[in-house]
Amino acid sequence: MLSDSLYSKESHFILELIQNAEDNQYEQGVEPTVKFVLSRRDPTNPSNTEGALYVFNNEVGFAEKNVRAICDIGNSTKKYEKSKGYIGEKGIGFKSVFVCSKTPYISSRDFHFYLSEEEDPEAGFGYIIPYWDKHCIASKNCPPGYQTSLLLPLKPGQRKMVRESLLSLAPETILFLTKLQGLEIELENAAGGSEMRTFALAKDENNANLVTLTTNCSVSYNAGALERRSEVRTDFWIGSKEFAVPFHVTEEKRAGIESRVVSVALPLKSSQPGHAEELCGRVFAFLPTEENSNLPFMVNADFFLTASRESVQCQHPWNEWLRDCIAPCLEENFLALLSQQGGSRQPNTMAYSFIPEHTAQPRFFQGVASDIYRRLARHKCVLSDVNTLELPSAVRIAPQKWLNLSIPGSVLHMAPELLEYRRRLGRLGVGPMKKVHFLQCLADVRFEQKVAKLRTPHQYFFELYEFLANYGRDLFDDDLFQKAELKQMKLLLCKGTAGPAPVIRQFQVGRPVFFPSEDVSSIQQKLGVDLEISTPICMLTKILYQKLCERPSLLSWVCENLEVQHLNVGSYALQISMECGDDVKDRKMLLELTAFISKKFAQFQDFEKQEVRANWPVVVSNGRPNDARVLHRRGKDLRLVLPEATCAEGWPLLFDRGERSGMHILADEYKCQDFDDEMRAYVLSFLRELGATAHPEKVQEKKEWSGTSFGWAPSSSSGGKEALDLSPTACAWLDSQPEQDIVGTDPNKKYFLTDFRAWRWLRAAKENPPAADDVAAVEALRRRGAALLAWLESKVKSKEGIGHNGYHLKLENAGLVFYWRPERGAGSKGQHKRMDRSFPSDFQHWLEAAPWVPTRAGGLARPRDCFADTQQASRALCSVAGSAYSVPDMHVLADSAGLGARLTARRTVRPPVPDWRAWRTVRPPCLHCAWRTVGLRTGIPRGGRWASVPDTWRTVRPPYLTGAWRTMRPPIAHDLHV
């Protein structure tokens, strides 16, 4: 049984002897030490040995119970005293010496005996039968101060194994021992010399956690001659934490134990390079094992080990509990080490090296690193750039280059000296700098104060531009700096106007910053000769510009993202225009400047044109000459309309005073100014470049209400249609719809109705037409009708039917859109659903119904009662009734975007054939689809009467011009809806 219990590795008996020395008792004031001496001579002089190993210990010595324990199996004196810290437990520790020796000799105080592995004749077994040593052989070479000595005559072939075991004994073997403070090894060589190794632990007088392990090595090759000596000192932070044994963890061999201590050793530094890093991951059960935790520190606990002491027993409840105690033990000691301040009164940053860098640990130790991350994340343990400890989640990892540019305290950056630990701290929640944090630093009020104190602000801004242009792009793939965000920051170092000190500016619409230019005087003079005006120019400092010129790519970045401009006539004139106010003098100067730029606008480069189009101010009066003022657009997309004086027969006839909401009408001063015809043409062309139009677009109105239990009144009022102020056309359409289709009881259901409302004068033309003898009223309506035809034609040519988001604003269509959120469980996952309904718009309705089209006879008619006045149409229709109602500009009506959603090219009507029977393939230009819906006459003149037979036109074909006559159509598209 004893032989089965011995270790799988012969060298492990050395650790058992050290373990016995740790468990021994020592007198007060004695420094517990164990010494191994490997001698080449065996004092017992047997012929079958290979030298001897001496083991000396300065304990108090053996008592009778100790002798009885050695001469027994499983009856150690420490078996029931584990709570006192004894680490031996198997009762076979000392018997392991039989691996290398047949007869170990023991001498301690008054006890001198030896044991033999040979079978005793009387007892019938060996190993534990003591024999008295009358000659006290083991104590003859015992050094002074040592009470106990052990002599192990070595078996043949065992000396090499013992020597290698002693040489491989690590100094850290005694690191976690509570009593033993010294270990000495002496190895005799063949020349009479020896090799000495001593391990000594020394605790710091001011801090018991700080321990220095000193290893001294000396080698002599002959007696008394010292050849070589070396010393290695390694500092550790050794911390322990006591844990109560949980009630659910029971272990027979730990019965009665209520708590256990778990220790960690943090290698701080070593005089031997790389030695401290090599120690990380070692696992101790008081003495070292061959287990490695892959953690950046050493762990010691009362683990249950395999019989060979090589590894920790996995899936053991006791060991699992101790393993879970590692994280709180490190947490406490990490914070304690961090709080140890050096001479600079700063936290000890070396503590961060003991945070696990990854979670790749062996199976038994998996989860320890994650538990450490979770625990440390709750503490203010990360050193910031302002020398304060902060929560990991509140600190950001910034690039080293940014730390030299940022404002301390604006955003809590991780201290620069912690950059080497950024991966470890990232596990605690310290995140990288993002765009919002950089912008927060740049927006800090102390930014300008910092720049003012710099001796070389030009270099600072150059490095700042370089970082924002290059480093920012590399760091944030999906979080790049946006142009609009940078323009809100004060990033422009400009030449001061009141002195030599530069000033910091941010981008301002209409107040550009220019690169320095030698042409400033010539540009000012050029404008000054023509306009006699001048204004100061804001420019970057010359030194900064010169540095940017050395980096063309960076210069382009500043130009594109910060919108610093190269100085030219256009940009300078734009800056002058932005300074104009509302008084008469400024308005006059703006008009003159507009005329000047209008003539040179075609010569500008594309980027200059774009800048002028977006920002050039205009003089508006909104139809009230006395209220003229300067409108600074500053990049806004405004609804500009040409002056009334230039469009007397146009939009002013269509849009009454109350229907001009949202329109910015340019002042009549643009026409009344003292310009010749050529200059006036330039000015009007330039105003159109700015977006001004003679045919303003109709605005689509939108009404909204929510589903209710009664009617379709808006949720905010019970006023029904009156409260919504819908057009008559929309009201009539809604009244014709089933109530359940447009109204629900769900309050979350919302309705959106869009419509194009007709002009009031167009409705009045139907509801209250002028009397035939009222020449002035009829003429006024004819003028409006002609203006409407021109307005519709402009929509076709300019395609202004295209609205926001790419949707066509079809004047002929109105619509009802409603959304609702289905009930849960219906498979819709709570998403909004949508349904659309369309109906003719109010504008479409009155455009069809009102008599607004001026005819050749001098009257007014509905579109459906008119014909296009072309020679071909007149001849085809035999001019029976067309002379009274034909309209010279009716083709405009046919091609207008406001009258059809799907328009085709205008087709030409061919001259008819006298014999109407030859018309078999001739069709009216817009066969039944278009002619029927528009209301134009579709019959064939027959005997002076009109017979409406559109279907017969499909197969009529002239026998001699079939190919040419197939396309005969009046100039109206297929799907025209009037």
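Screening the stretch 717-805 for helices (runs of 4 or more DSSP H) wholly inside it with 1 or more residues that are modelled with pLDDT of 75 or more and open to solvent by less than 40 Å² (accessible area, probe 1.4 Å) returns the ranges 728-735, 760-767, 775-798.
Scanning for something open to solvent by less than 40 Å² (accessible area, probe 1.4 Å), hydrophobic (A, V, I, L, M, F, W, C) and modelled with pLDDT under 90, does the stretch 305-317 turn up at least one residue? So far as the stretch 305-317 goes, yes, one or more of its residues are open to solvent by less than 40 Å² (accessible area, probe 1.4 Å), hydrophobic (A, V, I, L, M, F, W, C) and modelled with pLDDT under 90. Could you check V283 against (1) part of a strand (DSSP E or B); (2) more than 27 Å from L210 (Cβ to Cβ); (3) modelled with pLDDT of 90 or more and say which number it fails? Only one criterion in (1) part of a strand (DSSP E or B); (2) more than 27 Å from L210 (Cβ to Cβ); (3) modelled with pLDDT of 90 or more is unmet by V283, namely (2).
Only residues that are assigned to a loop (DSSP other than H, G, I, E, B), over 16 Å from Q610 (Cβ atoms) and among the acidic types (D, E): list them for the stretch 553-591, please.
Of all residues in the stretch 553-591, those assigned to a loop (DSSP other than H, G, I, E, B) come to 562-564, 566-568, 579-583.
Next, only the ones that are over 16 Å from Q610 (Cβ atoms) stay: 562, 567, 579-583.
Within the stretch 553-591, E579, D582, D583 qualify.
It is to be established whether one or more residues within the stretch 598-607 are acidic (D, E) and either open to solvent by less than 50 Å² (accessible area, probe 1.4 Å) or out of contact with any helix residue (DSSP H, G or I) (no Cβ under 6 Å at 6 or more places or on another chain) (or both). Yes, the stretch 598-607 has at least one match.
Quick one: in the stretch 415-438, of everything that is aliphatic (A, V, I, L, M) and touching a Phe, Trp or Tyr at 6+ places or on another chain (Cβ under 8 Å), which residue is surrounded by the fewest Cβ atoms within 10 Å (Cβ to Cβ)?
L418
Among the residues of the stretch 1-24, what is the count of those that are of a type in the set (D, E) and either in contact with a Ser or Thr (Cβ under 7 Å, 6 or more places away or on another chain) or at pLDDT 85 or above (or both)? Outline the logic, then answer.
The initial filter retains those residues of the stretch 1-24 that are of a type in the set (D, E), namely 4, 10, 16, 22-23.
Then drop every residue that is not either in contact with a Ser or Thr (Cβ under 7 Å, 6 or more places away or on another chain) or at pLDDT 85 or above (or both), which leaves 16, 22-23.
Result for the stretch 1-24: 3.
The residues listed here are R613, R634; of these, the one that is in a helix (DSSP H, G or I), basic (K, R) and more than 22 Å from A787 (Cβ to Cβ) is R613.
For the stretch 405-414, the count of residues that are open to solvent by 40 Å² or more (accessible area, probe 1.4 Å), within 27 Å of P457 (Cβ to Cβ) and under 22 Å from the mean Cα position of the chain (by Cα) is nonzero.
Restricting to helices (runs of 4 or more DSSP H) lying wholly in the stretch 650-699: which have 1 or more residues that are among the charged types (D, E, K, R) and over 49 Å from the mean Cα position of the chain (by Cα)?
Result: 669-672, 677-689.
Candidates in the stretch 240-261 are the residues that are in a strand (DSSP E or B), in contact with a Ser or Thr (Cβ under 7 Å, 6 or more places away or on another chain) and closer than 13 Å to A301 by Cβ; of these, the one that is most open to solvent (accessible area, probe 1.4 Å) is E242. Scanning the stretch 291-303 for residues that are part of a loop (DSSP other than H, G, I, E, B) and either among the acidic types (D, E) or open to solvent by 10 Å² or more (accessible area, probe 1.4 Å) (or both) gives N294, P296, D302.
Within the stretch 195-214, one or more residues are in contact with a helix residue (DSSP H, G or I) (Cβ under 9 Å, 6 or more places away or on another chain) and under 23 Å from V368 (Cα atoms).
If you go through the stretch 612-628 and keep only what is under 40 Å from the mean Cα position of the chain (by Cα) and surrounded by 19 or more Cβ atoms within 10 Å (Cβ to Cβ), you end up with V612, N615, W616, P617. The set of residues from the stretch 130-145 being surrounded by fewer than 18 Cβ atoms within 10 Å (Cβ to Cβ) and either hydroxyl-bearing (S, T, Y) or under 22 Å from I73 (Cα atoms) (or both) comprises P130, Y131, W132.
Which residue, of E50, E27, is of a type in the set (D, E), at pLDDT 90 or above, assigned to a loop (DSSP other than H, G, I, E, B) and farther than 20 Å from F286 by Cβ? It would help to see each step written out before you state the result.
Working: E50 fails: at pLDDT 90 or above.
That would be E27, the only listed residue that is of a type in the set (D, E), at pLDDT 90 or above, assigned to a loop (DSSP other than H, G, I, E, B) and farther than 20 Å from F286 by Cβ.
Taking the listed residues S621, S598, S556, the one that is touching a residue at least 12 places away in the same chain (Cβ under 8 Å) and either among the hydrophobic types (A, V, I, L, M, F, W, C) or farther than 30 Å from W761 by Cβ (or both) is S598, with no other qualifying.
The values are calculated or read from the model by the stated rules, or taken from the named source; none is laboratory data. Since this is a predicted model, take the numbers as computed values, not measurements. Cβ: placed from backbone, ideal geometry, glycine included. Neighbour counts: every protein chain shown. In case anyone asks, the SASA skips ligands and DNA or RNA and just uses the protein heavy atoms, side chains included. Shrake-Rupley method; radii C 1.70, N 1.55, O 1.52, S 1.80 Å.
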